[in-house]
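The values are calculated or read from the model by the stated rules, or taken from the named source; none is laboratory data. None of the values given here were measured: they were computed from a predicted structure. We place every Cβ from the backbone using ideal geometry, glycine too, and count neighbours over all the protein chains shown. Please note that ligands, DNA and RNA were not included when accessible areas were found on the heavy atoms of the full protein model with its side chains. Shrake-Rupley method; radii C 1.70, N 1.55, O 1.52, S 1.80 Å.
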Amino acid sequence: MGPDSAPGPAVPWRKVLWERQPFPDNYVDQRFLEELRRNEGLRQYRYWAVVKEAGFVGQQLSCVAIFITLWLYMEQGLLSPEMLLSTSLVCALLGYGLHQALTSQVESGCEPRTRLADLQSATIFLSFTFGFSPVLKTLTESVSTDTVYAMSAMMLLAHLVSFPYAQPSPPGSLSLNAALFASVCLASRLPGALHTFAMLSCALLVFALWPCLLQRLKENAPSQFTGVCVGMCIGGVAGLGSQSLGGAVLLALALGSVTLLCPLLLVRLQRHKDNIHGPWDEAEIHEDLSHFLH
């Protein structure tokens with residue numbers, strides 16, 4: 001109801017609730033829309049900046065493709081577990097050294113982990129994984145192969161959907177557990193226990209340690225981060241192409257859509273965004289009320 005419903009211009013309307021006024025409850029005056037604000041605090045995105053951020057999504061998709069490629073090579077006998085273990089060990093040592101070089105000397109809130117603690121964690125994980133490899137090898141013997149492949153595909157998809165792309169270090173528990181579950185399912189279909197151990201060790205390197213290194217690289221060397229993401233995408237397409245040309249084409253289309261098309265749509269749709277704010281919004285308390293909790 002507008003200002004015409006007022007009893008008369010002699011009585012001014014005040015925006016208060018504690019005072020009885022000769023106006024209807026839903027009355028507003030002509031100043032109501034003067035407080036209208038559009039797109040307050042709207043963030044303007046730049047295309048190449050969004051493409052750079054989307055590179056994390058693309059490289060994670062490529063990591064899954066590389067892992068599947070390595071599993072296919074091992075299943076076909078084209079890659080020995082000894083070769084995969086040695087390559088994983090070299091990559092882990094190089095990555096650990098690079099991570100230590102990029103880590104800031106001052107850690108806020110806590111003391112940095114020592115190399116001895118990291119070595120103990122790696123030793124415990126590798127020992128348990130190697131010891132339980134024969135059990136994991138026979139874990140899905142009673143399950144059909146099609147069911148194992150379907151479960152692996154669903155878990156890898158869950159890994160990609162639930163992965164914390166904004167802050168991937170450390171990886172989210174749901175995404176990491178989904179990836180490791182898929183790794184166990186796929187590794188159980190390999191010929192021997194050593195193959196299972198090598199595949200699970202590779203899965204830890206790809207899905208748990210690599211995101212931490214990449215996040216550190218993004219924070220301290222953003223130019224190199226872009227090059228690494230591009231290299232991972234090319235490696236994922238090339239690796240998958242060596243096994244399936246159709247799979248490589250689908251991966252290339254997915255990477256193009258995620259890293260190029262989706263950022264373009266986001267930037268283009270920003271011009272159509274229209275958020276309105278005004279006196280009808282709920283009140284926001286900006287005062288620090290933490291002292292009331294003590």
Those residues of region 116-144 that are assigned to a helix (DSSP H, G or I) and within 14 Å of PRO191 (Cα to Cα) come to a total of 5
Which of the residues spanning region 188-218 are assigned to a helix (DSSP H, G or I) and farther than 15 Å from PHE125 by Cβ? ALA193, LEU194, HIS195, TRP210, PRO211, LEU213, LEU214, GLN215, ARG216, LEU217, LYS218
Residue that is at pLDDT 90 or above and open to solvent by less than 80 Å² (accessible area, probe 1.4 Å), where the choices are MET74, MET83: MET74
Does ALA198 count as touching a Leu at 6+ places or on another chain (Cβ under 7 Å) and in contact (Cβ under 8 Å) with a residue 40 or more places away in the chain? yes
Go over the candidates MET199, MET154 one by one and state the one that is under 19 Å from ILE68 (Cβ atoms) and open to solvent by 10 Å² or more (accessible area, probe 1.4 Å). MET154
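Considering only residues that are in contact with a helix residue (DSSP H, G or I) (Cβ under 9 Å, 6 or more places away or on another chain) and without any contact (Cβ under 8 Å) to a residue 12 or more places away in the chain, which ones fall in region 235-246? Spell out the reasoning first.
Here is the first cut: in region 235-246, the ones in contact with a helix residue (DSSP H, G or I) (Cβ under 9 Å, 6 or more places away or on another chain) are 235-244.
Across region 235-246, the qualifying residues are ALA238, GLY241, SER244.
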